[in-house]
1. No solvent, one uniform scatterer per C-alpha: report log10 I(q)/I(0) for the range 2-65 via the Debye equation at q = 0.25 1/Å, two decimals.
2. Please compute the length gained on full extension between residue 35 and residue 48, using 0.36 nm multiplied by the number of residues separating them and subtracting their Cα-Cα distance.
3. Could you work out the relative contact order of the chain? I mean the mean sequence separation of Cα pairs under 8 Å and 6+ apart, divided by the number of residues, in percent.
4. For n ≥ 4 DSSP H runs only, could you compute -39500 (n - 2.57) per run for the chain, divide by its residues and tell me the 222 nm figure to the nearest 500?
5. Mind giving me the nanometre distance, one decimal, between the label points for residue 28 and residue 1, set 7 Å out from Cα along Cα→Cβ?
């Protein structure tokens, strides 16, 4: 998810300030480059508490960004 977030244009990120883009990207960097310093409890809490709502927000964003038919 963090890698995909880096590919979202800055314009799109500005249109959806409710999505924590920098937090998503930052977590990706921490997991990839600082995996030995990851707080496992915080990671688990993020997965359980924050990820479901984030996925719902991202799905709404994708629907809003989809070209009209």
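Every number here is computed from the coordinates shown, using simple stated rules; none is lab data. Please read these numbers as outputs of a predicted model, since none were measured by experiment. Neighbour counts are summed over all protein chains in view; Cβ atoms, including those assigned to glycine, are modelled from backbone coordinates with ideal geometry.
1. After summing over all Cα pairs, the log10 values are -1.16.
2. Details: separation 13, 0.36 × 13 = 4.68 nm, distance 1.91 nm.
Gain in length upon complete extension: 2.8 nm.
3. Values: 23 pairs, mean separation 22.2, N = 69.
About 32 percent, as a whole number.
4. When only DSSP H runs of four or more count, the value is -18500 deg cm²/dmol.
5. Rounded to a tenth, the inter-label distance reads 1.2 nm.
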